[in-house]
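Here, each number is a calculation from the coordinates, and none is a lab measurement. Computed from a predicted structure; not experimentally measured. Neighbour counts run over all protein chains shown; Cβ positions are idealised from the backbone, glycine included.
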Amino acid sequence: MTVAPAGPGFSTTIEALRLHEWQLGSGQPTLVTDQFSAADFHLIVDDQADVHISSKDGRFYLGWFPNGRPGTDGEGWAIAVAGTGGVPGYRMTFDTETPADIVAAAVACVLATSRRV
């Protein structure tokens, strides 16, 4: 026995419920780090092989911790933008297994909002 669909859009709803394949794994960190130029940013690789990138004005920071940031539960990336006297800054973190493509997209959005003053 077959049952007729329950109105228009039924097959679209069924399709939306199907399983999806999602990108997993940390990927290539150079997708993130290659967005920074030596003219505008400082890059430091410390003795733990963690990477620290900061804007020359000190208001932007990106940290990449391949083995997890010390004192956290698997934090792999940290992005921070310092605020001003009247507007607070913000911070976001991603764990070590967040795909670099996703972190790169977040960094690209942050960099796109910056402007010289």
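So here's what we get for this one:
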item: Long-range Cα-Cα pairs in the chain (distance over 17 Å), rounded percent; result: 64
item: Average Cα contact separation per residue, the chain, under 8 Å, 6 or more apart, as relative contact order %; result: 22
item: q = 0.18 Å⁻¹: log10 I(q)/I(0) that the Debye formula gives for the range 7-74, counting C-alpha atoms only; result: -0.78
item: Rounded FRET efficiency, nearest 0.05, which uses the C-beta distance separating Asp101 from Ala49 and R0 of 30 Å; result: 0.90
